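Notes follow the structure.
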Amino acid sequence: MRRSGGRAVGRSVTQREAIVARSPCPISAGRRQPWDSSGATSDKLHVTCIPARLSILTRPLNGRAACHYCGQCNRGCTVNANFTSTNVLIAPGLATGKLTLVTSAMAREVTVDKTGRATGVAYVDKTTGTDRRVRAKVVVLAASALESARLLLNSKSSRFPNGLANSSGTVGRYITDTTGTDVAGFIPKMMDHVPHNHDGVGGMHLYMPWWLDNTKLDFPRGYHIEVWGGTRMPSYGFVGGIHRYPSGGGYGKQLKDDYRRYYGATIGFSGRGEMIPNDDSYCELDPRTVDQWGIPVLRFHWKWSDHEYRQVKHMQETFRALIAEMGGEVFSPLPTAEQGYGIAAGGTIIHELGGTRMGDDPKTSVLNRWCQAHDCRSLFVVDGGPFVSQADKNPTWTILALSMRTSEYIADQTRKGAL
Ligand SMILES: Cc1cc2nc3c(=O)[nH]c(=O)nc-3n(C[C@H](O)[C@H](O)[C@H](O)COP(=O)(O)OP(=O)(O)OC[C@H]3O[C@@H](n4cnc5c(N)ncnc54)[C@H](O)[C@@H]3O)c2cc1C
Ligand code: SF4
């Protein structure tokens, strides 16, 4: 394993490390846990480990209550401590009386006038199957990265024969997904613990941000690590594959006892890394296939480069070293180069970005820095489409931040009469 580039937590002056120093991780800070009597596992390997950031309030805000740790996040948070766009963004918008929602509407294309200005959206009313239109001074697409590219490619006119905002030919191009691979292992020290409620708030609790120096590695950029395990309320299929544990499975009372002993004695690590955009990963309209509304669908082309394969190999080696350091056994052998070191297929991690990338040069990008189409000033895209790269962070907070920045720009430009 490569660990020469790593540094111990909290010993420099960077802001991130200051946060880390204030927020020690149960594994890395050496707090004694029932399952980690040795402690300091990730510290020993110089892997930074911090509490995970979640979109959950710890203090009341704008009529939303603070989290009361009921552990029901996946069912929808009744007090709105947990962020959802429906409850936290759309509901207050509706309350202003200035927002009209048109539901069961399948957008087909963005309409334009003779001057090339976007004038609205043509859509299918899915309840009746009829074609409808809505007019607009400004059109903002937020259909998710690939669907916005699809809408633009389907918005063909005599002025825009290759699709709207596509004079550069880059609509649908340079799409990315997060790289990903997982390793899980059995940690004997975590067996036979006293059962207690591990539910907590939904989502992950530990996070390992990128911690290494790329100049000492054979791939650019980096990845973060998500940690899983624990003893939440078991659901069907829990401890699947119990034959992999020391007693090898069984029947009756022995099997039930083993489930109790082994449940919670598993730890897993998921790597989530940056993919570098490339010419061979793109989507285009499928010339033969349409959806149920007769709208052409996308077809995809995908290629991982050596950057991604090397990065995922590094993930595999790191996770295996962490499990070994905890005195555990990994469930599966290291995937071979022929198996892509276990890299998840493109699209699997569901962080699709790009397809309408931003940039200063209209010849090589679809949108400007404000997510406004170079070819059409009254058209904006505010989903993951404008991203020029993947970064190793899960994308949604950045999508939200960019969309709010674009909203402020639209309001400002409207006030100035520039739109
Ligand atoms: C299972 C899962 C887990 C994820 N976990 C995380 C995570 O932990 N962290 C993270 O940062 N990201 C995560 N993501 C990614 C995250 O969900 C997306 O990045 C985010 O939702 C993108 O936001 P968006 O508004 O661009 O698109 P969306 O949330 O997909 O919203 C697009 C909307 O447009 C509508 N729409 C699409 N096409 C049309 C059309 N033709 N006409 C009319 N309406 C249309 C859709 O119905 C939808 O309501 C996850 C994704 C999945 C699927
Ligand atoms: S635990 Fe989840 S569902 Fe319960 S209050 Fe907190 S955010 Fe809401």
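Odds and ends about this structure:
- Rounded Å value of the spacing that divides the Cα centres of the range 291-345 and the range 79-121: 36
- Relative contact order computed over the chain (Cα-Cα under 8 Å; 6+ residues apart), in percent: 20
- Surface composition of the range 55-106: carbon plus sulfur atoms contribute 54% of the solvent-accessible area (1.4 Å probe, protein chains only, all chains present).
- Across the chain, the volume of the C-alpha convex hull divided among the residues equals 197 Å³ per residue.
- GNM top mover of ARG310, ARG232, ARG75 - the chain, alpha-carbon springs below 10 Å: ARG75
- Local net charge near SER281, Cβ-Cβ under 11 Å (Lys/Arg +1, Asp/Glu -1): -3
- Label reach from ASP412 (point 7 Å along Cα→C-beta): in the range 364-402, amide nitrogens under 14 Å belong to 369-372, 402.
- Both numbers refer to the Cα atoms of the range 228-334; Rg and Dmax are 21.4, 59 Å.
- A Förster radius of 35 Å combined with the Cβ-Cβ distance from ASP280 to LYS137 puts the calculated FRET efficiency at roughly 0.35.
- Relative contact order (%) - criterion: Cα under 8 Å, at least six apart; region: the range 89-189: 17
- Accessible area of CYS77 (1.4 Å probe, protein heavy atoms only, ligands and nucleic acids ignored): about 40 Å².
- Beta bridges per DSSP with both ends in the chain, % antiparallel, nearest 5: 90
- Applying the criteria of a DSSP loop state and at most 10 other Cβ atoms within 10 Å to the chymotrypsin sites (Phe, Trp or Tyr not before Pro) of the range 188-217 yields no site.
- Among LYS253, LYS114, the sequence by solvent-accessible area, most first, with a 1.4 Å probe is LYS114, LYS253.
- Across the range 30-180, counting alpha-carbon atoms alone, Rg and Dmax equal 23.4, 72 Å.
- In the range 233-304, Cα pairs under 8 Å separated by at least six residues give a relative contact order of 20 percent.
- Coil-residue trypsin sites (Lys or Arg not before Pro) of the range 336-419, DSSP, other Cβ within 10 Å capped at 10: LYS363, LYS416
- Computed per residue of the chain from DSSP H runs no shorter than four, each worth -39500 (n - 2.57), the mean residue ellipticity at 222 nm is -5500 deg cm²/dmol.
- Scattering curve values for the range 276-318, log₁₀ I(q)/I(0), Debye with Cα scatterers, q = 0.15, 0.17, 0.34 Å⁻¹: -0.55, -0.61, -1.07
- Ranked order, PHE387, PHE319 - accessible area, probe 1.4 Å, largest first: PHE387, PHE319
- Rolling a 1.4 Å probe over the protein heavy atoms gives the chain an accessible area of 53 Å² per residue.
- Cα-only radius of gyration and Dmax that characterise the range 147-221, units Å: 23.7, 71
- Accessible-area ranking of TYR309, TYR282, TYR236, TYR223, largest first, probe 1.4 Å: TYR236, TYR309, TYR282, TYR223
- Potential lengthening between HIS301 and HIS193 on full extension [0.36 nm per residue; Cα-Cα distance subtracted]: 34.1 nm
- Area of TRP293 that stays accessible when all protein chains are in place (1.4 Å probe, Å², to 10): 60
The values are calculated or read from the model by the stated rules, or taken from the named source; none is laboratory data. Computed from a predicted structure; not experimentally measured. With ideal geometry, Cβ positions are generated from the backbone for all residues, glycine too; neighbour counts draw on all protein chains shown. Accessible surface areas use protein heavy atoms only, side chains included; no ligands, DNA or RNA. Shrake-Rupley method; radii C 1.70, N 1.55, O 1.52, S 1.80 Å.
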